[in-house]
There are 2 protein chains.
Amino acid sequence: MFQLHPQLAADCVTLGTFPLSQLLMLRDANYPWFLLVPARSGIGEIHHLVEADRQQLLHESVCLSQAIEQAFKPDKLNVAALGNMVPQLHVHHIARYRTDPAWPAPVWGRVPASAYTDDAAMMTVADRLTGALPLDAGFTPIP
Amino acid sequence: MFQLHPQLAADCVTLGTFPLSQLLMLRDANYPWFLLVPARSGIGEIHHLVEADRQQLLHESVCLSQAIEQAFKPDKLNVAALGNMVPQLHVHHIARYRTDPAWPAPVWGRVPASAYTDDAAMMTVADRLTGALPLDAGFTPIP
């Protein structure tokens with residue numbers, strides 16, 4: 001039975017689900033920062049997923065990347081599966097700008113997370129993202 | 001006409017080619033660190049590849065990940081497409097250990113690259129990797 005890792009649950013808000021993955025948004029106003037977490041127990045690496053799940057993860061990652069590009073017009077996307085701290089497989093998708101506080105370095109460990117001013121500000125960013133997801137992404141928002 | 005970005009050519013040695021991507025190894029003895037560079041001009045993001053190329057990149061990434069796991073028995077793989085400095089699409093595949101100099105942080109910008117003692121030492125690591133690639137990876141070594 002899949003359960004979201006408590007560190008991801010603490011750091012993120014869950015926006016909804018794709019056929020394979022949960023879609024999370026990090027509570028960090030420095031960057032539009034989203035995560036895909038395949039709902040598969042005990043998986044820490046992309047290549048440990050079965051082939052059909054890997055294909056589905058690629059599809060969801062492409063849909064998410066297209067939506068981030070359309071909604072936020074970043075200068076660059078950063079897509080990464082690291083997991084040195086949280087072993088549950090999660091794939092970061094981060095909109096990066098030449099003007100953001102970590103540019104051009106990777107975001108991890110650069111500047112402290114900046115809290116959104118309130119839930120409404122956070123959900124405005126979330127809504128921009130989910131509103132840009134293509135129909136064939138198969139996204140279901142959290143009720 | 002595809003040409004490898006000069007910064008990647010300077011930082012890496014080219015080990016060979018998959019059907020889509022060049023396989024590079026970073027000149028940094030701190031970590032077994034490999035890159036896939038799809039041989040497509042003007043592409044900076046995974047989702048900008050055509051669908052068939054995305055599928056092929058996934059296949060090559062999975063083959064490379066399996067080989068890294070078999071050859072180096074890392075504690076974790078780090079797989080990432082960042083590209084804030086070098087806009088040509090390249091996907092890092094890094095074997096990480098709890099004992100490596102950057103753990104648990106991501107490797108970028110943590111400690112300076114450590115030169116391999118000589119070409120023979122570097123090629124020993126390269127040969128361990130390429131010897132572990134599965135046959136269906138379609139890998140062709142540099143002659």
Being farther than 29 Å from A:Pro101 by Cβ and either part of a loop (DSSP other than H, G, I, E, B) or of a type in the set (A, V, I, L, M, F, W, C) (or both) is the filter here; which residues of region A:19-40 pass it?
A:Pro19, A:Leu20, A:Ala39, A:Arg40
Selected residue [among the polar types (S, T, N, Q) and more than 8 Å from chain A (Cβ to nearest Cβ)] from B:Gln66, B:Gln56
B:Gln56
Expected output for region A:39-51 (first residue surrounded by fewer than 16 Cβ atoms within 10 Å (Cβ to Cβ), partner at pLDDT below 95, Cβ below 7 Å, 6+ apart or cross-chain) is A:Ser41/A:Met1
Failed condition for A:Gln88, given (1) more than 7 Å from chain B (Cβ to nearest Cβ); (2) out of contact with any strand residue (DSSP E or B) (no Cβ under 8 Å at 6 or more places or on another chain); (3) surrounded by fewer than 20 Cβ atoms within 10 Å (Cβ to Cβ)
(2)
Selection over region B:35-53 where residues are within 11 Å of chain A (Cβ to nearest Cβ) and touching a Leu at 6+ places or on another chain (Cβ under 9 Å) yields a count of 6
If you scan region B:69-79, which residues turn out to be surrounded by fewer than 18 Cβ atoms within 10 Å (Cβ to Cβ), of a type in the set (D, E, K, R) and either touching a residue at least 60 places away in the same chain (Cβ under 8 Å) or at the interface with chain A (Cβ under 9 Å from one of its Cβ atoms) (or both)?
B:Glu69, B:Asp75
What single numbered condition from (1) part of a loop (DSSP other than H, G, I, E, B); (2) under 15 Å from the mean Cα position of the chain (by Cα) fails to hold for B:Gln3?
(2)
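I'd like to check something: does region A:103-120 contain any residue that is closer than 23 Å to A:Pro19 by Cα and more than 10 Å from chain B (Cβ to nearest Cβ)?
Filtering region A:103-120 for residues closer than 23 Å to A:Pro19 by Cα gives none.
Checked against the condition, which is being closer than 23 Å to A:Pro19 by Cα and more than 10 Å from chain B (Cβ to nearest Cβ), region A:103-120 yields no hits at all.
Rundown of residues vs (1) in a helix (DSSP H, G or I); (2) more than 14 Å from the chain's Cα centre (by Cα), yes/no style:
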{"site": "A:Gly42", "(1), (2)": "no, yes"}
{"site": "A:His47", "(1), (2)": "yes, yes"}
{"site": "A:Arg54", "(1), (2)": "yes, yes"}
{"site": "A:Val62", "(1), (2)": "yes, no"}
{"site": "A:Ile68", "(1), (2)": "yes, no"}
{"site": "A:Leu77", "(1), (2)": "no, no"}
{"site": "A:Val86", "(1), (2)": "no, yes"}
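The values are calculated or read from the model by the stated rules, or taken from the named source; none is laboratory data. The shown structure was predicted, so the numbers you read here are calculated from the model rather than taken from an experiment. Here Cβ is always computed from backbone atoms with ideal geometry, including for glycine, and neighbour counts include all displayed protein chains.
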